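S.K.: My questions all concern the structure below.
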Amino acid sequence: MLEVKNLHVQVDDKEILKGMNITVAPGEVHSIMGPNGSGKSTLAQVLAGKEAYEVTEGEVTFQGKDLLDLEPEERACEGIFLAFQYPVEIPGVANTYLLREALNAKREYRDEKPLKHVEFGKLAREKMKALGIDEDLLKRSVNTGFSGGEKKRNEIFQMQILEPTLAVLDETDSGLDIDALKIVANGVNSMRDSGRSFIVITHYQRLLNYIVPDFVHVMVDGKIVRSGGKELAHELEEKGYAGF
Amino acid sequence: MAIVFDGTRESYVERLSEFLDSEQKNAPEWITTLRREAISGFAELGFPTLSDEEWRFTNLEALRRGSFSIAENGISGVSKKSVDSYGFPGLDCPRLVFVNGRFAPSLSDTVDAGKGILVKSLSEAISEQGDLVKDHLARYADYEKDAFISLNTSYFEDGVFVYVPDGTVFEQPVHVLHVSTDEGRPLFINPRNLIIVGQSSVAKVIEHYVSASQSVYFSNVVTEVVCGENANLEHYRLEFESQKAFNFSTLRVNQQKNSNIASHSVLCGGAIVRNNVHPVLAGEGCNSDIYGLFISEGRQHMDNFMRVEHASPHCDSRQFYNGVLDGRSKGVFHGRILVHEGAEKTDAKQTNRNLLLSDTAQIDTKPQLEIYNDDVKCTHGATIGQMDEEALFYLRSRGISVRQAKIIMLQAFTGETLEHMSIDSVREALESVVMKWFEQRLENGKGR
């Protein structure tokens, strides 16, 4: 589904990713762990299409397409979703408005009819209930004045509405209390199926008790230095990143 | 013979007798006296210059060099159909039309709202309700201190007169449409409006300025509002003048005890625009909400001058002005809050936010608090910025096109001021005008 080959990325002339490789097959959950500054978030942003990141070498294919050739909105419509580490506040834009626009943009891309207000409302309420999100949140401005936990849950809510093929979760667990963490994990687990993949970027092994990955990768200084199964996460928890 | 002004102070002073003899020969004496007094104010003041503190960002050189004349051709060139096109879809309300500052009865509705409510042209009111008009006209807008108010008071021909007696709820808004036309030479137009809302009464007035052509003219509006005790007024000033016009306007509000006003200004047209909003919270417990949105492009210059005067205790005021500037346009926001001695427990707040769509657009924003009292709460804040790149990326990462993302962001920005309008049909019409304006900017490859 996703193949990243020898990816080199610069920001402001500083090389952050230095030959990153990862292959994700349909239905797999990959976890990328690593110390601060290792380039985990850069990878997430590059996959989503952030322009400030300059790809100097390497390639990224997503479902057979050259991902780097696509605009951020095209990537989203093709099925990529990034749950932001720091979701952006957009005052004056109602959450429900953003979501309906986003969902309908995706439907239009696939030559489907836009959802009517009523249909969308029904869908949104269903998903919110499962995530324990207050309906009020739909009317509020995107992420504006949300608590940290609300922001992260809102990302998962968006993911559930948009039903991506590949979801990249960038430290969605950071700063969450255990209840919020369970809600986020449930939100992800309920969407796991044979056609959908996840890349879960995290700093802490804790999340992986709730979202059990198929593969764990350790990222240090812009590349993956070790890959293994879920047991690798436990090893990291005990020994830390010092050995890499 | 046309009455022509060559731009100099002397010409505006000297032509008054000609104006009084030709256009105003049947006017009551007190009006003639008032005009003469007012022009002596202008004789002393002249047009302001950049060295006047209150005008330091707005250069009037072009106005001083311009030649303007009083309109002569009546309402020719303005049809019922063209007037209808300026209406607000879905809004059912009486409309009064003025062409080049003169009342156009054939294009206007006759308002018979009952309950003693009067909605008519000011000139009619001067002859029919002389005493009532005399009690208020030119009592608030100070023609001795402001050159444009002096000129308007000297040369006004007409405008709307709205009177709502005590204890009366006037549900329907009044749509006051001022249309300017091209007479082949630049016109000098002085609309004058007077709105009186009695004790515990309610009114809504929409002043709407449009141009039938993209010609040069000098439009100089003065509106006086008297808001009686516990009265409630919602006032709109929608400025869609010609892109070549000089447009000056003053909204002067006198608020009595416990009264409440909401002022909405939307400025879109004009080459050089000055928008003065000056409420005086004269009685205790008043509330003033002042909202504004200005959008400019090309070389437009829009100067917003707020003077919110707290003269009594326990009054609240809120100023909320947003600007969107493109091209080489310039904006000014000058927000003055004046708290008099004795105006304890004043709560005054001011916010001005600006969105620059080009590298060459410019905004000067200047808060000014003048407080002669210890027991007050005054805050101000201003921001200037471009469209938030992080937010744009966030929207795009959800599948929304870059164009749609920009539109959503602009809607949010302009909505901050427009959303306070209580007349939905007016708000919706303005939202769509603003969107059209912005889409055009996007098509020109600007509007980052």
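S.K.: Between residue B:82 and residue B:372, what is the label-to-label distance in nm when each label sits 7 Å out along the Cα-to-Cβ direction?
M.R.: 4.9 nm
S.K.: Assign unit charges at the C-beta atoms only (+1 for Lys and Arg, -1 for Asp and Glu), then state the dipole size of chain B relative to its Cα centre in Debye, rounded to the nearest 20.
M.R.: The dipole magnitude comes to about 1240 debye.
S.K.: Is there a quick way to get the dipole size of the protein assembly as shown? I mean about its Cα centre, with the Cβ of Lys and Arg at +1 and of Asp and Glu at -1; what is the value in debye to the nearest 20?
M.R.: The calculation lands at about 980 debye.
S.K.: Under a point spin-label approximation (7 Å from Cα along Cα-to-Cβ), what is the residue B:145-residue B:49 distance to one decimal in nm?
M.R.: Between residue B:145 and residue B:49, the label points sit 2.3 nm apart.
S.K.: Which order do the peptides A:88-96, B:300-308 take when ranked by the mean count of other beta-carbon atoms within 10 Å per residue, highest first?
M.R.: B:300-308, A:88-96
S.K.: Let me ask something else about it. Filter the cross-link list A:106/A:182; A:139/B:349; A:116/A:152; B:120/B:204 down to pairs whose alpha-carbon distance in this structure exceeds 18 Å.
M.R.: Cα-Cα > 18 Å for A:106/A:182; A:139/B:349; A:116/A:152; rest within.
S.K.: In addition: Arrange the peptides B:192-200, A:190-198, A:45-53, B:5-13 so that the one whose residues have, on average, the most other Cβ atoms within 10 Å appears first.
M.R.: Those peptides, ordered most packed to least, come out B:192-200, A:45-53, B:5-13, A:190-198.
S.K.: If we sort A:103-110, B:395-402 on the protection proxy, mean other Cβ atoms within 10 Å, highest first, what's the order?
M.R.: With the highest mean Cβ count within 10 Å placed first, the list reads B:395-402, A:103-110.
S.K.: I've got another one for you. In Å and whole numbers, how far do the C-alpha atoms of region B:114-241 stretch along each principal axis, longest first?
M.R.: 47, 31, 25
S.K.: Assigning unit charges at the beta carbon (Lys, Arg +1; Asp, Glu -1) and nothing else, what dipole magnitude in debye, to the nearest 20, does chain A show about its Cα centre?
M.R.: Charge dipole of chain A: 700 debye, to the nearest 20.
S.K.: Hey, another quick one. Distance between the C-alpha centers of region A:156-172 and region A:1-30? Whole Å please.
M.R.: So the two Cα centres are separated by 19 Å.
S.K.: Taking the Cα centroid of region B:112-187 and of region B:371-448, what is the distance between the two, rounded to the nearest whole Å?
M.R.: Between the Cα centres of region B:112-187 and region B:371-448 lies a distance of 33 Å.
S.K.: To make sure I understand the rule: partners must be lysines, Cα under 18 Å from the Cα of residue B:330, and not fewer than 8 residues away in the same chain. Which ones qualify?
M.R.: B:244, B:366, B:446
S.K.: While we're here: Would you tell me the mean number of C-beta atoms belonging to other protein chains that fall within 10 Å of each C-beta in A:86-97, as a whole number?
M.R.: Across the residues of A:86-97, the mean count of other-chain Cβ atoms within 10 Å is 5.
S.K.: What lysines could a cross-link reach from residue B:345, if we take a straight Cα to Cα line under 19 Å and drop same-chain neighbours fewer than 8 places away?
M.R.: Cα-Cα hits under 19 Å: B:257, B:377.
S.K.: Moving to a separate point now. Among B:152, A:190, B:163, whose Cα sits farthest toward the positive end of the charge dipole of the protein assembly as shown (+1 at Cβ of Lys/Arg, -1 at Cβ of Asp/Glu, about the Cα centre)?
M.R.: Working it through, the farthest residue towards the positive pole turns out to be A:190.
S.K.: Report, as an integer, the average count of C-beta atoms from other chains found within 10 Å of each Cβ along A:64-73.
M.R.: Taking all residues of A:64-73 together, the mean is 3.
S.K.: Hey, got the average number of other protein chain Cβ atoms within 10 angstrom for residues in B:407-417?
M.R.: What the average comes to for B:407-417 is 3.
S.K.: By a straight-distance test (C-alpha under 29 Å), which lysines pair with residue A:14 as possible cross-link partners, with residues fewer than eight away in the same chain excluded?
M.R.: Output for residue A:14: A:5, A:40, A:50, A:65, A:223.
S.K.: Sticking with this structure for a sec: In degrees, nearest 10, range 0 to 90: what is the angle between the Cα axis of helix A:178-189 and the longest Cα principal axis of chain A?
M.R.: Approximately 90 degrees, to the nearest 10.
S.K.: Turning to a different aspect of this structure: Gap in Å between the Cα centre of region B:221-244 and the Cα centre of region B:274-323?
M.R.: Cα centroid to Cα centroid, the span is 11 Å.
S.K.: Can you tell which of A:165, A:114, B:230 lies farthest toward the positive end of the dipole of the protein assembly as shown, using +1 and -1 charges on the Cβ of basic and acidic side chains (Lys, Arg; Asp, Glu)?
M.R.: Positive-end residue among those listed: A:165.
S.K.: On to the next question. Got a sec? Charge dipole of chain B, +1 on Cβ for Lys and Arg, -1 for Asp and Glu; which of B:417, B:13, B:221 is way out at the positive end?
M.R.: Working it through, the farthest residue towards the positive pole turns out to be B:417.
S.K.: Counting each DSSP H run of 4 or more residues in the protein assembly as shown as -39500 (n - 2.57), what helix-only mean residue ellipticity at 222 nm follows after dividing by all residues, to the nearest 500 deg cm²/dmol?
M.R.: Dividing the helical sum by the residues of the protein assembly as shown leaves -8500 deg cm²/dmol.
All of the numbers you see were taken from the coordinates with simple rules; none came from a lab. The model shown is predicted, which means the values in this text are computed figures rather than measured ones. For neighbour counting, all protein chains shown are included, and Cβ atoms are generated from backbone atoms with ideal geometry for every residue, glycine included.
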